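Structure record follows, encoded as structure tokens.
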There are 2 protein chains.
Amino acid sequence: MAKNVTLKDVARHAEVSYQTVSKVIRGQMQVTPEVRARIDAAIDALGYRPNSAAQSLRLQASHLLGYSWQQDRQNQISPILQQFQHSMVECAEDLGYHILLFPQRPNKDLYSTYAALVETRRVDGFILSSIEYDDPRLPIIDRLKVPAVCFGRSSEDMSLPYVDIDGRAGIAEAVRHLIAEGHQRIAILAWPETSRVGTERLNGYWDAMAGANLPVDAAWVIRGAGESDYGYVAASQLLALPHDRRPTAIVTLLDIIAVGVMRAIADQGLQVGRDVAVTGFDDMPAVHYIKPGVTTLRQPVWEVGQLVIDMLVGLLKGEPLAHQHVLLPPELIVRESSQREALAQPNQ
Amino acid sequence: MAKNVTLKDVARHAEVSYQTVSKVIRGQMQVTPEVRARIDAAIDALGYRPNSAAQSLRLQASHLLGYSWQQDRQNQISPILQQFQHSMVECAEDLGYHILLFPQRPNKDLYSTYAALVETRRVDGFILSSIEYDDPRLPIIDRLKVPAVCFGRSSEDMSLPYVDIDGRAGIAEAVRHLIAEGHQRIAILAWPETSRVGTERLNGYWDAMAGANLPVDAAWVIRGAGESDYGYVAASQLLALPHDRRPTAIVTLLDIIAVGVMRAIADQGLQVGRDVAVTGFDDMPAVHYIKPGVTTLRQPVWEVGQLVIDMLVGLLKGEPLAHQHVLLPPELIVRESSQREALAQPNQ
DNA sequence: GCAAGTTAAGCGAACGTTCGCCTAATTATA
DNA sequence: TATAATTAGGCGAACGTTCGCTTAACTTGC
């Protein structure tokens with residue numbers, strides 16, 4: 001690697017003081033066009049680049065944002081967090097920041113993991129994802145008094161700024177879509193009560209059912225965990241209900257679960273869409289090949305990443321946040337799995 | 001955030017010079033037990049932590065490793081790279097390093113993306129993943145003369161150090177397993193010739209077939225891209241061959257593709273395992289629920305991550321590498337999809 | 001009992017920036 | 001023409017470390 005080119009080298013070459021070079025580069029100083037030209041020439045003759053460690057030391061800011069990435073317990077294979085990460089990385093670079101990845105060891109005290117990063121001044125702030133009820137990271141961030149923005153929330157009135165997907169509104173929209181398709185007996189495969197995301201989405205179901213004055217049979221609301229297998233088992237259970245209580249539509253919280261449901265429906269000799277409607281969540285690329293296509297809710301993950309970074313960087317610059325809490329609605333994508341007349345074959 | 005606690009603060013508190021504190025902390029100096037105790041007491045009375053920017057500046061090393069993460073074109077939803085990333089992050093921390101994420105913009109010149117990081121001294125080295133033929137990053141790294149280690153290789157004799165999975169050995173082992181199960185007509189769903197990984201794995205197929213003196217019908221080697229749909233279509237094509245040319249086993253390069261193959265087999269009224277054996281690759285969690293279980297090759301991704309970081313950090317310390325190129329064999333996991341006598345479940 | 005080696009600790013300098021204050025020259029104002 | 005205001009640029013200091021050299025005191029060997 002070549003020797004470091006510093007401000008002093010540039011200054012010598014341009015025959016000015018090095019502090020002047022610094023100021024001119026950052027537009028903090030007016031110089032005569034002639035001097036300006038000499039400096040510019042020197043910079044690219046020598047290939048000068050400011051040293052980021054020196055900048056960090058002087059500015060007391062690392063321009064690094066800490067992010068630790070633990071997979072959701074609920075939906076293991078969701079590509080959501082990958083997209084989120086990618087989106088953050090791009091947005092951060094636009095603003096002169098980078099993402100620093102760090103591990104959260106199960107055996108090591110979580111507080112010291114975060115404290116180490118803050119106290120050594122390695123990072124300027126944190127991004128947290130997959131927030132759940134009583135998330136242990138929240139009090140830690142609070143205690144460290146370090147800027148942080150979350151993807152997800154543990155309650156409506158969280159002290160930390162967050163961006164989240166409005167799962168409640170999303171599921172409500174899906175249910176209203178099913179109602180518009182003529183369904184009345186609509187079931188939902190929810191997640192355990194410990195899941196904040198799951199509870200939130202389930203509320204959307206209640207909202208829409210109540211909004212349409214539709215009664216809800218207790219058997220229609222199932223809570224469970226897992227992926228396709230959960231969908232298969234739970235759907236089989238629903239389809240075994242007496243005919244007048246059997247749901248004609250099943251809402252799920254994950255595309256993969258919807259796939260399991262669709263298999264169960266097919267195994268009962270029924271047709272997805274025509275006989276029983278199904279909806280998923282996430283618009284996962286992995287299920288795009290499935291036929292019939294799965295009606296789903298696409299999360300605007302890219303936008304979440306951008307917003308989270310914008311907010312965090314704003315915080316670091318001392319700007320007051322325009323919105324402390326942002327909720328983004330998912331987008332309903334209607335495919336064949338929830339449409340009665342699509343692919344309808346004239347059948348008996 | 002609290003005021004910075006520096007070496008000088010500790011020194012004042014312990015009544016020694018600050019340089020002494022620095023040396024004692026790093027074990028570069030012997031002091032009397034009494035002084036040692038005073039320093040230790042001062043450190044945790046004040047909560048001293050060395051400032052990483054100052055260290056970086058002085059040591060001319062950021063202790064940051066650059067990693068840019070672009071999804072494989074071939075297998076979009078493989079969780080391999082996620083595991084790899086996670087493994088790197090942990091291993092790096094053990095060695096006092098962190099991973100810095102940066103974007104590779106399609107519109108921006110790749111060289112300047114890397115050069116900027118190196119010339120500003122933001123990173124000490126790079127990790128590259130998903131190397132393909134004529135990878136544009138290789139000459140860039142070479143030109144920048146920056147330490148780097150790759151996950152994957154573009155050719156046997158690459159100039160950069162790499163760690164890779166021995167896909168050739170893996171597929172060969174899978175094919176030998178099928179042969180041991182009594183199969184003779186074995187087909188493979190390969191990837192386009194532009195895929196280095198695919199070509200490598202296909203070679204394993206040839207190795208094993210030749211090693212067992214089994215003839216290969218040209219129709220058995222299919223090249224294509226895609227996920228489950230590719231498997232479905234290609235398998236249907238294979239199963240439509242005349243009876244004496246029809247393969248009794250189909251090797252695929254991805255679990256998801258194997259799933260498509262299994263659907264095709266079932267759709268033909270045949271039974272996976274008993275009638276046609278199938279193998280996948282990656283041991284993806286997403287297909288664990290599939291019945292019958294998919295025989296697959298598990299990549300030792302965790303080990304790859306550890307090795308890559310070990311090697312890169314070694315390079316940065318100026319240590320000569322024990323092995324410039326490391327090849328790790330995947331592990332064959334035999335499940336029902338490749339066993340004739342395994343309990344048959346009427347599913348899919 | 002004296003030169004030579006060992007040990008404990010201090011001190012100056014450097015890593016490459018940015019910031020605030022200062023100075024000299026030029027221009028505008030009275 | 002004298003004075004105030006503006007402009008172009010310089011200079012010292014600081015951010016918090018680590019490194020190498022020096023010094024003073026204390027052992028050791030003969």
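The values are calculated or read from the model by the stated rules, or taken from the named source; none is laboratory data. All figures in this text were calculated on a predicted structure; none of them were measured in a lab. Positions of Cβ are backbone-derived with ideal geometry, glycine not excepted, and every protein chain shown enters the neighbour counts. In case anyone asks, the SASA skips ligands and DNA or RNA and just uses the protein heavy atoms, side chains included. Shrake-Rupley method; radii C 1.70, N 1.55, O 1.52, S 1.80 Å.
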Most positive-pole-ward Cα, A:GLN30, B:CYS91, B:THR194, against dipole of the protein assembly as shown from beta carbon charges: A:GLN30
Segment B:SER159-B:ASP142, extension gain: residue separation times 0.36 nm, minus the distance between their alpha carbons: 5.3 nm
Chain B, helix-only ellipticity at 222 nm - DSSP H runs n ≥ 4, -39,500 (n - 2.57), divided by all residues, nearest 500: -12500 deg cm²/dmol
Inter-copy label distances at B:LEU327 (7 Å, Cα→Cβ; nm, one decimal): 5.7
Cα centre as origin, Lys/Arg/Asp/Glu Cβ charges: chain B dipole, Debye: 960 debye
Orientation-averaged projected area, Cα convex hull of chain B (nm²): 23.2 nm²
Straight-distance crosslink candidates among lysines, where the alpha carbon sits under 18 Å from B:LYS8 and sequence neighbours closer than 8 are dropped: B:LYS23
Relative contact order [Cα under 8 Å, 6+ residues apart], chain A, whole percent: 16 percent
Candidates B:GLY226, B:GLY269, B:GLY27, ranked by Gaussian network fluctuation over chain B, Cα under 10 Å, top entry: B:GLY27
Solvent exposure, largest accessible area first (probe 1.4 Å, DNA, RNA and ligands not counted), of A:VAL175, A:VAL5: A:VAL5, A:VAL175
In nm, spacing of pseudo-spin labels at A:LYS108 and B:HIS288 (7 Å Cα→C-beta vector): 2.6 nm
Cross-link partners of A:LYS145 among lysines (Cα-Cα below 19 Å; sequence separation of 8 or more within a chain): A:LYS317, B:LYS3
Using a Förster distance of 30 Å, the FRET efficiency for A:ASN4-A:LYS317 (Cβ separation, nearest 0.05): 0.55
Average beta carbon contacts from partner chains per residue of A:50-62, 10 Å cutoff: 6
Label geometry 7 Å along the beta-carbon vector: A:GLN55 inter-copy distances in nm: 2.2
Rg over Rh, two decimals, the stretch A:211-321 (C-alpha only, Kirkwood Rh): 1.17
Expected-Rg normalisation [2.2 N^0.38 Å, Cα atoms] applied to the stretch A:7-50: 0.96
Label distances, nm, A:SER159 versus same residue in remaining copies, Cβ-directed 7 Å point: 5.5
Histogram of C-alpha separations across the stretch B:166-243, 5 Å bin width, %: 3, 16, 25, 24, 22, 9, 1
Average beta-carbon neighbours from other chains, 10 Å sphere, peptide B:84-96: 3
The stretch B:7-50: relative contact order in percent, alpha carbon pairs under 8 Å with at least 6 residues between: 44 percent
Cα centre as origin, Lys/Arg/Asp/Glu Cβ charges: the protein assembly as shown dipole, Debye: 1620 debye
Ranked packing of B:190-201, B:29-40, most packed first, by mean Cβ within 10 Å: B:190-201, B:29-40
Solvent-accessible area per residue, Å², over the protein assembly as shown with all protein chains present [probe radius 1.4 Å]: 44 Å²
Residue (of B:GLN306, B:PHE281, B:SER236) at the positive-pole extreme of the stretch B:207-348, dipole from beta-carbon charges: B:SER236
Accessible surface of the protein assembly as shown [probe 1.4 Å, protein heavy atoms]: carbon and sulfur percent: 52 percent
Area buried, chain A against chain B - accessible surface, total, 1.4 angstrom probe, square angstrom: 5000 Å²
Dipole magnitude (debye, nearest 20) for the stretch B:7-50, charges at Cβ of Lys, Arg, Asp, Glu: 180 debye
Chymotrypsin sites (Phe, Trp or Tyr not before Pro) within the stretch A:90-193: DSSP coil, no more than 12 neighbouring Cβ in 10 Å: A:TYR133
Percent antiparallel among DSSP beta bridges (both partners in the protein assembly as shown, rounded to 5): 15 percent
Where labels lie 7 Å past Cα in the beta-carbon direction, separation of B:GLN324 and B:ALA240 in nm: 4.9 nm
With Cα atoms, 0 to 90° folded angle of helix B:301-316 axis to chain B main axis: 40 degrees
The protein assembly as shown, Rg to Rh (Cα coordinates; Rh as Kirkwood inverse mean 1/r): 1.02
